[in-house]
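What follows is calculated from the coordinates using simple rules that are stated; it is not laboratory data. The structure displayed is predicted, hence computed values, not measured ones. Reconstructed Cβ throughout: ideal geometry from the backbone, glycine too, with neighbour counts over all protein chains shown.
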Amino acid sequence: MRFDDGENKVLVIRKHWIVFFGNLLLAAFGAVLPIIILRILPAELFTSVLPGSSAGPVSAFLYFVWLLFLWLFLFALWTLYYLNVWIVTNRRIIDVDQKGLFSREIAAARIENVQDVTINTHGILQTLFDFGTLTIHTASGSPDFHISNAAHPNLVRQKILAIHDIAIAKREPNPLK
Amino acid sequence: MPAADISTIVWVVFIICIVIVIPTTLAFFYHWGRFAPSHFGAIATIAIYTVGLSIILLGMLGIVLTI
């Protein structure tokens, strides 16, 4: 990401880690699922299809194939999680929306154009872990910026409004002073 | 099923896996190299991904060679 001269990164906002942790738990469950299934199913089922000596290695091979695809899937999810980000600088808010491995949308709004920042926190999990939906309304006529499951939304809201106030104060010096 | 047939099938599956892994890995590296907002995040992710992938592929290769 390239910034203009005099532009500094102030804040990087992502979805809360618990969002990815849910995927991680799912992948971990997926990794142990074949072992559980092998324990439940009768051993004769495999030896009837495969010769006795190769049943073990073939099962292990298939398990590695399953792990390989889980690994690729997990990193695809991590890529979407990590690259889906809001970057707040002292001049702009940049919304990088990573929709897929080859689908990416970037929108930016000048910090002075921020009109309001709304946060929505629903449910026990969001309240306990301090995450929620963050929406920035801008005056530029462009669509609102929206990030769901953002970490520490109240803190982010305060910081964005503080940066906005500084930017406005720099742009329009008080004529009474 | 004869052991020779099983060996052939396993080799074919292994090669298909490699064919899927190569472009996916290149896509990952491209994204992390170009779009990652921090170098540390990109390097750590690529390192963990590569180590995990190597372990899985070497494990697969080890089994393929023994069948």
Exercise. Where in chain A are the DSSP H helices whose C-alpha atoms run 15 Å or more along the long axis and whose mean Kyte hydropathy is at least 0.5?
Worked result: A:17-40, A:52-83
Seminar exercise, completed: Partner shielding of A:122-128, taken as the mean number of other chain Cβ atoms within 10 Å, equals 0
Problem set entry | Average beta-carbon neighbours from other chains, 10 Å sphere, peptide B:21-28 | 3
Exercise. Counting only pairs 8 or more places apart or on different chains, how many lysine pairs in the protein assembly as shown have C-alpha atoms closer than 25 Å?
Worked result: 6
Problem set entry | Candidates A:22, A:30, A:56: whichever shows maximal mean-square fluctuation once chain A is modelled as a Gaussian network with Cα springs under 10 Å | A:56
Exercise. In deg cm²/dmol, rounded to 500, what helix-only [θ] at 222 nm does chain A give when every DSSP H run of at least 4 residues adds -39500 (n - 2.57) and the total is split over its residues?
Worked result: -17000 deg cm²/dmol
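In debye to the nearest 20, how big a dipole does the protein assembly as shown give about its Cα centre with +1 on each Lys and Arg Cβ and -1 on each Asp and Glu Cβ?
The dipole of the protein assembly as shown has a size of about 480 debye.
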For this session: Excluding residue A:120 itself, calculate the net charge of residues whose Cβ lies under 15 Å from the Cβ of residue A:120, where each Lys or Arg counts +1 and each Asp or Glu counts -1.
Result: -1
